[in-house]
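A.B. asks: First, the structure itself, so that you have it in front of you.
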Amino acid sequence: MATRIFSKRIVRVALLLLIPLVAIQFIHPRLENPPVSADLQAPPEVKQILERSCYDCHSNQTHLLWFDEIQPAYTLVKGHVLKARKMLNFSHWDSLTPPQQKATLYLSLNKILYGEMPLSQYTMLHRNAKMTEEDITVLKKYLVNLTPVKVSDTSRVNAGNRQYAQWINHSTTPVAVQPAANGIEYIRGYNNWKAISTTDRFDNGTIRVIFGNEVAVKAIEEGNINPWPDGTIFAKVAWDKLVDSSGNIHAGEFKQVEFMIKDAKKYAFSKGWGWARWLGMQLKPYGGKNVNFSRECQGCHQPFKDNDFVFTMPLQLKAK
C-alpha cells in the first residue's frame, strides 16, 4: 500500500512539472531571419568555417536544431542570437568600412584563440561548431593575406622618420587637445614614460609601443600586475608599419595614441579601466559624441579578463 501511495505521488509531481513545461511550448515568439544586405565575401574554405561555427549566432542565417526549439531553451537561444547579431552580424558586412572589417576579423580571431568564441555552452551541444587547429590556421592565413607586406618607397620612409622625430620631441603637439567623449583628458608627456612592450597588428599594418607610467613600472618591478594597482596608466601608440627594400621596419605616419587608466571605483562600470583614444598628429578625440565607444576596447580585451584585461604582457623590468 505504501509503495502504491508513493508511486502515485511521483506521478502527481511529474504531472505538475510536465503541465507547465508543455504549456510554455505555446509561448514561442519566432526568431526572425531578416534579409541579408551584404554577406562577407571570403574564400570557400574560410566561409565554410565561419558558417559552421559563427553564422548561427552572428548572422541572419540562423538554423536552429530541434532541441533549440524547446522552451525554455528556445528563449535563451533567441536572446543569445539577438545579442550576438548586435555585436557582429556577417549579414550586414557592408555596414563596416574595410578597415573596420579587418579589425573585426582580427578581434574575432583573438576571441577564438583565447577560447571566448564559440561559446563553450554552445559547442557542448552543437559539436560541429567547435573549431579545430586546422580551422584556426586557415583563418590566420586568410587574415595575413588581407594585409600583405609592401615595400615602402624611400620618400615615405624618410617622411615617417621626420614625423617620429617631431613626435619624440613634442614639437607638433597641439596647444589645446579636446578631451575624449567620456571626459578623459589627454595626457601629455607619455612619450617620456618607459616602454614596457610592443605589438604588431598585421591586420591593419601598424606597429605599436606600449608605455607605462611610474605606477605601472613599479607594479611590473614588484610583480604586482594582476590586478594592476589603481593609478596604473598605459599609453599605446600606433604608427604605420613601413618596410624598406632591405626588409628593415620603420615607424611611418603616426596613427593614434590610446590610454588605459586603472581606477577600480571610478571605472567600475567598465571593468575598472578607463579608455580613451586620440587620432593623428592633430590628436582628434576618437568616437565623436558617442561616450560608449569604450565598449570596443572592452570587447577586444575581454578574452584577457584573467589578466586584468591587459592584452600584452610587459617585458621583465628589474628594480634599480
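The values are calculated or read from the model by the stated rules, or taken from the named source; none is laboratory data. Treat the numbers as computed from the prediction; the structure is a model and nothing was measured. In this analysis, Cβ positions are derived from the backbone assuming ideal geometry, glycine residues included, and neighbour counts consider all displayed protein chains.
A.B. asks: As an exercise: evaluate ARG188 against (1) closer than 18 Å to HIS250 by Cα; (2) among the basic types (Lys, Arg); (3) in contact with a His (Cβ under 9 Å, 6 or more places away or on another chain) and give the number of the one condition it does not meet.
C.D. replies: ARG188 satisfies all of (1) closer than 18 Å to HIS250 by Cα; (2) among the basic types (Lys, Arg); (3) in contact with a His (Cβ under 9 Å, 6 or more places away or on another chain) except (1).
A.B. asks: Let me ask something additional. Which one is surrounded by the most Cβ atoms within 10 Å (Cβ to Cβ), of the residues in the stretch 215-245 that are hydrophobic (A, V, I, L, M, F, W, C) and assigned to a strand (DSSP E or B)?
C.D. replies: As a first pass, look at the stretch 215-245 and keep what is hydrophobic (A, V, I, L, M, F, W, C): 215-217, 219-220, 225, 228, 233-235, 237-239, 242-243.
Retained after the next criterion (residues that are assigned to a strand (DSSP E or B)): 233-235, 237-239, 242-243.
Working: ILE233: 20, PHE234: 24, ALA235: 22, VAL237: 20, ALA238: 21, TRP239: 21, LEU242: 22, VAL243: 16.
The qualifying residue surrounded by the most Cβ atoms within 10 Å (Cβ to Cβ) is PHE234.
A.B. asks: Can you tell me how many residues within the stretch 246-268 are out of contact with any strand residue (DSSP E or B) (no Cβ under 9 Å at 6 or more places or on another chain) and crowded, with 21+ Cβ neighbours inside 10 Å?
C.D. replies: Selection size over the stretch 246-268: 0.
A.B. asks: Moving to a separate point now. Evaluate the following for ILE207: is it outside any loop (DSSP other than H, G, I, E, B), modelled with pLDDT under 95 and among the aliphatic types (A, V, I, L, M)?
C.D. replies: Details: outside any loop (DSSP other than H, G, I, E, B): yes; modelled with pLDDT under 95: yes; among the aliphatic types (A, V, I, L, M): yes.
Against the criterion (outside any loop (DSSP other than H, G, I, E, B), modelled with pLDDT under 95 and among the aliphatic types (A, V, I, L, M)), ILE207 qualifies.
A.B. asks: Cβ-Cβ below 8 Å, separation at least six or inter-chain, first residue in the stretch 91-104 and under 15 Å from PHE202 (Cβ atoms), second of a type outside the set (Phe, Trp, Tyr) and not in a loop (DSSP other than H, G, I, E, B): which pairs?
C.D. replies: Cβ pairs passing all conditions: LYS102/LEU143; LYS102/LEU146.
A.B. asks: Considering only residues that are in contact (Cβ under 8 Å) with a residue 12 or more places away in the chain and within 18 Å of the chain's Cα centre (by Cα), which ones fall in the stretch 262-275?
C.D. replies: Scanning the stretch 262-275 gives SER270, LYS271, GLY272, TRP273, GLY274, TRP275.
A.B. asks: Among GLN101, GLN121, which is assigned to a helix (DSSP H, G or I) and farther than 27 Å from PRO35 by Cβ?
C.D. replies: Details: GLN101 fails: farther than 27 Å from PRO35 by Cβ.
From the options GLN101, GLN121, the qualifying one is GLN121.
A.B. asks: Any residue that is outside any helix (DSSP H, G or I), over 30 Å from SER246 (Cβ atoms) and of a type outside the set (Asp, Glu) - is there at least one of those in the stretch 191-200? Let's see the steps before the verdict.
C.D. replies: Initially, the stretch 191-200 is screened for residues outside any helix (DSSP H, G or I), giving 193-200.
After this cut, where a residue has to be over 30 Å from SER246 (Cβ atoms) as well, the list is 193.
With of a type outside the set (Asp, Glu) added as a condition, the list becomes 193.
Yes, some residue in the stretch 191-200 is outside any helix (DSSP H, G or I), over 30 Å from SER246 (Cβ atoms) and of a type outside the set (Asp, Glu).
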